[in-house]
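Below is one structure, written out as structure tokens, with a few remarks after it.
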Amino acid sequence: MKKIVKGFLFLIASSLILINCGGGGGSSSSEEPPVVQLPNFTVNTWPGNTWQVVDPARANMDNFKLQQALDYAFVENRNTQAVVVIRHGVIVAEKYSDDKNRFSLATSWSTAKSFTSALIGMVIEQGLISSVDDKACFYLSDWDCDEVVCLSLNCPKLRSEISIRDLLEMRSGLEDENIGGLSIYSSADDQLFFASNRLAVKTKGTEFLYSNSDSMILSGILETATGMTVKELAERDLFSAIAMTGDWWSDKEGNTMTYCCIDATTRDFARFGLLFARNGMWQDTQVISPEWVNESTSPAVGLIYYGLHWWVYPSTNFFAAQGLHTNDIWVNQSLDIVVVRNSDFTRYGTDTIRTGSNIHSTQPPDSWNNTEFLTYITDAVMQ
């Protein structure tokens, strides 16, 4: 015990000698410690399995103006569950409703259509689909590619002529899915059959008609091309690549609902947005080709605001994956900004198979204006 005490006293004495001698630096204890300048973030910054949350100034954004965006989103009756703003690969603003947090699930609604488009591009890159201009009938057993071409003036419209591009652009020419008051989400156990067995009523490629059923047909195309369900494909090739977790719903027959219904956290939806902000690159891996990113997020020929399952707003430099009740992912590549807004969400039931008891419910925002909301964010950019 005496040896231990002596040793301890020796260490104290040695420390005092070093302090009195100045430690070789000659500085006094009254001097301020050196200021450590934290580096700013750039387009070379990526999230790992978790996101960094930083002072907005480190991503060259003004905190006061970002708070204005959050204040706008969380006005009473706007029913906002979450907002996350990403710049340069880090979170610069984030807020949740009182009963939710960063672990709470939100739902995509039609934002899922843009995920489906991404998978089409990836499967083309893998060589399992030769081109976005392939005829859809090549991949759909219910569609006859050998329909006789009619040369008269009163030819019936042919499903055999519809391409994958026509479906992505919402210009298939197939009849409105809501005829007779039916809804693919609420009325069909086999949603792929429901979607693909509509009549061709207009010349394909000529008229835009927003259609969940056109998107649902892509489920059958992807499954035929890959031999996997779309949910399995997404988990293997897309979600895992960006460290995202998502529950993608299917119908009662096991067809992934490619027009709808991915449940994930708001932060994980932001990962998908960042992938497109960075031209399909994630860290050192090209997950989606830059050519597909550019084509799918540019207005299709003859359209102003729609590409290949992406909404496009050239005057603002934003493109967006948009869903019911403003469940949106906004991307501005030039500013390296991603904005995700989700509506209050409740999931009923115990499974992700769409049946009568397993359903989604979100609340619409009152008096919401995308331009006003996004302007607060772009005005926050300092350089």
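Some observations on this one:
- Inside segment 287-327, residues that are of a type in the set (D, E, K, R) and out of contact with any Leu (no Cβ under 8 Å at 6 or more places or on another chain) make up a count of 1.
- Flag if residue 243 is within 12 Å of the chain's Cα centre (by Cα), farther than 16 Å from residue 112 by Cα and at pLDDT 95 or above: no
- Among the residues of segment 271-316, those identified as touching a Phe, Trp or Tyr at 6+ places or on another chain (Cβ under 7 Å), farther than 18 Å from residue 370 by Cβ and either of a type in the set (S, T, N, Q) or modelled with pLDDT under 95 (or both) are 283, 296.
- Qualifying position, being of a type in the set (A, V, I, L, M), in contact with a helix residue (DSSP H, G or I) (Cβ under 6 Å, 6 or more places away or on another chain) and within 30 Å of residue 187 (Cβ to Cβ), among 303, 308: 308
- Selected residue (criterion: modelled with the lowest pLDDT) from residues of segment 344-383 that are assigned to a loop (DSSP other than H, G, I, E, B) and over 23 Å from residue 104 (Cβ atoms): 383
- Within the option set 229, 245, being within 22 Å of residue 136 (Cβ to Cβ) and of a type in the set (S, T, N, Q) holds for one residue only, 229.
- Considered as a group, the residues in segment 284-306 that are small (Gly, Ala, Ser) and touching a residue at least 24 places away in the same chain (Cβ under 8 Å) include one that is surrounded by the most Cβ atoms within 10 Å (Cβ to Cβ), and that residue is 296.
Listed here are the residues, each with its yes/no results for (1) surrounded by fewer than 18 Cβ atoms within 10 Å (Cβ to Cβ); (2) polar (S, T, N, Q); (3) at pLDDT 95 or above.
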| site | (1), (2), (3) |
| --- | --- |
| 31 | yes, no, no |
| 36 | yes, no, no |
| 40 | yes, yes, no |
| 63 | yes, yes, yes |
| 69 | no, no, yes |
| 72 | no, no, yes |
| 80 | no, yes, yes |
| 92 | no, no, yes |
| 107 | no, yes, yes |
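The values are calculated or read from the model by the stated rules, or taken from the named source; none is laboratory data. As the structure is a prediction and not an experimental result, all values here were calculated from the model. Cβ: placed from backbone, ideal geometry, glycine included. Neighbour counts: every protein chain shown.
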